[in-house]
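The values are calculated or read from the model by the stated rules, or taken from the named source; none is laboratory data. This one's a predicted model, so the numbers in the text were calculated from it and none came from an experiment. Please note: Cβ atoms are built from the backbone with ideal geometry, for glycine as well, and neighbour counts cover all protein chains shown. Areas reflect the complete protein model, heavy atoms only, side chains present, ligands, DNA and RNA absent. Shrake-Rupley method; radii C 1.70, N 1.55, O 1.52, S 1.80 Å.
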Amino acid sequence: MNESPVGTSIETAAKLLCENKIVAIPTETVYGLAGNACQARVCAGIFEMKNRPHFDPLIIHLNELIKASDYVHFSHPDFQKLYERFSPGPITYVLPKKDSIPDIVTAGLPNVALRFPSHPLCRDLLDKIDFPLAAPSANPFQYISPTRAEHVKNQLNGKVDYILDGGPCRLGLESTIVDLSGEKAVVLRLGSLDIESLHDCLKYEPEIRTSSSQPSAPGQIERHYAPGSQVLLFESDEEITVEANDFVVYFKRHSEKKSSNILYLSEDGELLEAANSLFHLMREVDALRPGRIFIQRAPERGLGRAINDRLKRAAHNPLG
Ligand code: TXA
Ligand code: MG
């Protein structure tokens, strides 16, 4: 294959998926690299295309709860209320899996991650097929997640069989992962659904287990979401010394001084907008091959916690 076609045809995407091909799909969080989750060979192809180690399991996607009982056990007492309040949307449930899900999907773990995306094009696509889609974010392993069809094209052109273009992702930051395989809900990845809302629904504070040294979600490794250039983080009250070819990304509008090397995650300092622009902005700056990228940490509340989690991983220097 030379070029990966980009288009908006759900029929084409569905047909290719039924032929065991791999298709990039839009979701409200980030683009996914999707294939039939019940076919071990297809899933192996997804790992290979992403260059992803086999110990890092895949999320499966469905559009209806009624279909989920073929793949998971959802007897956890908190599942129903979380589902009713937040699905479809940016929450992923880790639940005990059934035999219909091949072991390669879960990296041999007894539980599978399941999400019900809200993106209309993605839902229409799921309506047309009768199997769940295994879909990790459609980026090469450890790089920044794609939030636009062109991001996928830039990195997986010639590999993926079709790129379904659903426009820029509405949220732009991955789903929040909640493990419901134990007694109480445990958050394995901070994401687009903030902890405060989860807490409000659960009526208890969920444990957050996102440590990067001993991750419970195997994908929560230290260096992740990382651009090619060196990323350095700074606090809002911190002075930084920059050189001419460095870029500085402030959380919100910082000064009136105009410079093409100074950017903002959100002019008005809004967390939703900042979360939405984070990955796109990191890609754009990275493409300019800057000396270093200085990024200001977000306030540690709401989505700011997920933003700071991604920043910390992007800045992780494996040598230092
Ligand atoms: O928003 C999202 O969740 C996007 C869109 C495409 O749905 N998907 C996504 O997938 O971010 P991925 O593969 O890039 O990240 C999935 C994370 C990984 O960190 C993985 O380790 C964790 O989910 N995960 C998957 N299955 C798991 C399981 N059974 N137990 C614990 N963690 C799991
Ligand atoms: Mg990912």
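Restricting the first member to segment 1-21 and to residues that are open to solvent by less than 60 Å² (accessible area, probe 1.4 Å), and the second to residues that are among the acidic types (Asp, Glu) and assigned to a loop (DSSP other than H, G, I, E, B), the beta-carbon pairs closer than 6 Å and six or more apart or on different chains are Leu16/Asp161.
Cβ-Cβ contacts under 7 Å between residues 6 or more apart (or on different chains), taken from a first residue in segment 279-304 that is among the acidic types (Asp, Glu) to a second residue that is open to solvent by 30 Å² or more (accessible area, probe 1.4 Å), are listed as Asp286/Gly228. Could you tell me whether Glu174 is of a type in the set (Asp, Glu) and away from ligand 1 (no atom under 12 Å from the Cβ)? It is false that Glu174 is of a type in the set (Asp, Glu) and away from ligand 1 (no atom under 12 Å from the Cβ). Just to verify a result, which residue in segment 92-122, among those that are of a type in the set (D, E, K, R) and either over 19 Å from Ser69 (Cβ atoms) or within 16 Å of ligand 2 (Cβ to nearest atom) (or both), is most open to solvent (accessible area, probe 1.4 Å)? The selected residue is Asp103.
Return only the number of the condition from (1) open to solvent by 20 Å² or more (accessible area, probe 1.4 Å); (2) under 25 Å from Glu11 (Cβ atoms); (3) away from ligand 2 (no atom under 16 Å from the Cβ) that Glu205 does not satisfy. Going through (1) open to solvent by 20 Å² or more (accessible area, probe 1.4 Å); (2) under 25 Å from Glu11 (Cβ atoms); (3) away from ligand 2 (no atom under 16 Å from the Cβ) one by one, Glu205 breaks only (2).
Only residues that are over 25 Å from Leu281 (Cβ atoms) and not in a loop (DSSP other than H, G, I, E, B) were counted across segment 116-145, and they come to 9.
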